[in-house]
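**Student:** The structure under discussion is supplied below as structure tokens; questions concerning it will follow.
The values are calculated or read from the model by the stated rules, or taken from the named source; none is laboratory data. Bear in mind the structure is a predicted one, so any value in this text is a computation, not a measurement. Cβ placement follows ideal geometry from the backbone for every residue including glycine, while neighbour counts extend to all protein chains displayed. Accessible surface areas use protein heavy atoms only, side chains included; no ligands, DNA or RNA. Shrake-Rupley method; radii C 1.70, N 1.55, O 1.52, S 1.80 Å.
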Amino acid sequence: MAHTIYDIARVAGVSKSTVSRALNNKSNISDEARERVLLAVQQLDYQPSKLARALSAGFDAIMVVSRSTKTTVNNPFFSGIIQAISTKAEEENFDVILQTSKNSEEELEKCITKIKGRMIKGIIMLTSPSDEDFFKQLDSYNIPIVVIGKVDGDYQNVFSVDTNNYQDSYDLTNYLIEQGHRDIACLHSPLDYHVSIDRLEGFKQCLKDYGLPLNDEWIINSGYTDESAHQAAKTLLLSKNRPSAVMAIDDLKVISLYKVAAETGISIPGELSIAGFSNTSFLSPSLTRIEIPIHELGEAGTEFLFAKIKKNKNNAVEMTIPTKKIIQDSVAHLK
């Protein structure tokens, strides 16, 4: 039969509240009473339950906030980074709670509920909404939040771990132009997250710097799902005014372009050059790409969060993880 704090109180000759203060290392208890409680704990071989400790001190858990599964399915970024976060959390003996929501209002409500219930000691967000009112509201709860993405505002408890999406997009577009391409399209995601905004802006600015026109028909919001990305690629590649090259801002867009090209008999890179942000290595021809350091982002973000939870001397508010530009066979050199 497992002993309780009532048994400890009886053996130590103190009140239950004194036992509670001793077990939770509170200061408002005499040295003598603390010693008697600890001796009783040893005599009874008392093992406090994780739940009991959590009710008084909070759960040793972090929460990973992701988008709804409808918009993350088949996207290797989310599964890969969750695995990296879980591994680092396990090293710290912390549990991981994965939260998805239908919309930002529900997401905020769920976060606040878990914070008030002392269920978590920190949050990692896998996306960075462009509307930062979400961060403003959570910042007041004094719990560390690490965002895998860009944070524009000035906060006390919100921190950023990201890559340089703007510059990476600019560099990838610049490579296409260096290879002689002037008719370049972009398949992007909805502009409600910083990552989409920055990658699209890098693409646009590079074209502007070369004096190339921005063709609205070639800058296509391709959504978050396989279906929407496939439809966007189909619309672009079957148009009479087809570009010579496309820059795709994530794996879904890249794969949709390859799939539609195969369905319609368009050769890559003979008739269409493709470059994009992707970790997909099985495509043929192999993709010229910015490779996203998924593991490094997850690992660095989790280490950053635990540094804030432990209140280590770390005054940094943001961290930038370098990426790799990998030149492969999907881009033709135009004479």
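**Student:** Any residue in the range 140-151 that is at positive phi sitting within a Cβ distance under 8 Å of a residue that is open to solvent by 10 Å² or more (accessible area, probe 1.4 Å) and not in a strand (DSSP E or B)? List the pairs, counting only those 6 or more apart or interchain.
**Tutor:** Qualifying pairs under 8 Å: N142/Q156; N142/N157; G149/T127; G149/H194; G149/V195.
**Student:** Further question: If you take just the strands (runs of 3 or more DSSP E) that sit entirely in the range 106-223, which of them hold at least 2 residues that are buried (at least 21 other Cβ atoms within 10 Å of the Cβ)? Write out each step before concluding.
**Tutor:** Working: elements: 122-125, 145-148, 158-162, 184-188, 219-221.
Output list reads 122-125, 145-148, 158-162, 184-188.
**Student:** Now for a different question. Among the residues of the range 274-289, count how many are within 11 Å of Q328 (Cα to Cα) and touching a strand residue (DSSP E or B) at 6+ places or on another chain (Cβ under 6 Å). It would help to see each step written out before you state the result.
**Tutor:** Kept after step one, since they are within 11 Å of Q328 (Cα to Cα), are these residues of the range 274-289: 274-275, 281, 283-289.
Remaining after also requiring touching a strand residue (DSSP E or B) at 6+ places or on another chain (Cβ under 6 Å): 274-275, 288-289.
Number satisfying all stated conditions: 4.
**Student:** Output the residues belonging to the range 261-283 that are farther than 12 Å from P76 by Cβ and in contact with a Ser or Thr (Cβ under 9 Å, 6 or more places away or on another chain). Outline the logic, then answer.
**Tutor:** So the first thing to find is which residues in the range 261-283 are farther than 12 Å from P76 by Cβ, and the list is 261-276, 283.
Result: A261, I268, P269, E271, L272, S273, I274, A275, G276, L283.
**Student:** Between S222, S228, S273, S239, which is closer than 24 Å to S128 by Cα and touching a residue at least 12 places away in the same chain (Cβ under 8 Å)?
**Tutor:** Values: S228 fails: touching a residue at least 12 places away in the same chain (Cβ under 8 Å); S273 fails: closer than 24 Å to S128 by Cα; S239 fails: closer than 24 Å to S128 by Cα.
Being closer than 24 Å to S128 by Cα and touching a residue at least 12 places away in the same chain (Cβ under 8 Å) holds for just one of S222, S228, S273, S239, which is S222.
**Student:** Quick check on my filter: what residues within the range 232-254 are assigned to a loop (DSSP other than H, G, I, E, B), basic (K, R) and within 17 Å of I268 (Cα to Cα)?
**Tutor:** Residues of the range 232-254 that are assigned to a loop (DSSP other than H, G, I, E, B), as a first pass: 238-244, 249-250.
Now drop any that are not basic (K, R), which leaves 240, 242.
Result: R242, single match.
**Student:** Right, something else. Counting residues that are out of contact with any Gly (no Cβ under 6 Å at 6 or more places or on another chain) and open to solvent by 70 Å² or more (accessible area, probe 1.4 Å), which strands (runs of 3 or more DSSP E) fully inside the range 257-331 reach at least 2? Step through it out loud before you land on a result.
**Tutor:** Values: elements: 273-277, 288-291, 318-320, 324-326.
Here the list reads 318-320, 324-326.
**Student:** Right, here's the next one. Can you find even one residue in the range 91-102 that is assigned to a helix (DSSP H, G or I), acidic (D, E) and modelled with pLDDT under 90? Please lay out each step first, then the result.
**Tutor:** If we filter the range 91-102 for residues that are assigned to a helix (DSSP H, G or I), which is where we start, we get 91.
Subsequent filtering for residues that are acidic (D, E) retains 91.
Next cut, modelled with pLDDT under 90 only: none.
No; the residues of the range 91-102 include none that is assigned to a helix (DSSP H, G or I), acidic (D, E) and modelled with pLDDT under 90.
**Student:** Quick check on the range 240-252. Is at least one of its residues open to solvent by less than 50 Å² (accessible area, probe 1.4 Å), farther than 16 Å from Q179 by Cβ and charged (D, E, K, R)?
**Tutor:** Within the range 240-252 (the criterion being open to solvent by less than 50 Å² (accessible area, probe 1.4 Å), farther than 16 Å from Q179 by Cβ and charged (D, E, K, R)), the answer is yes, since at least one residue qualifies.
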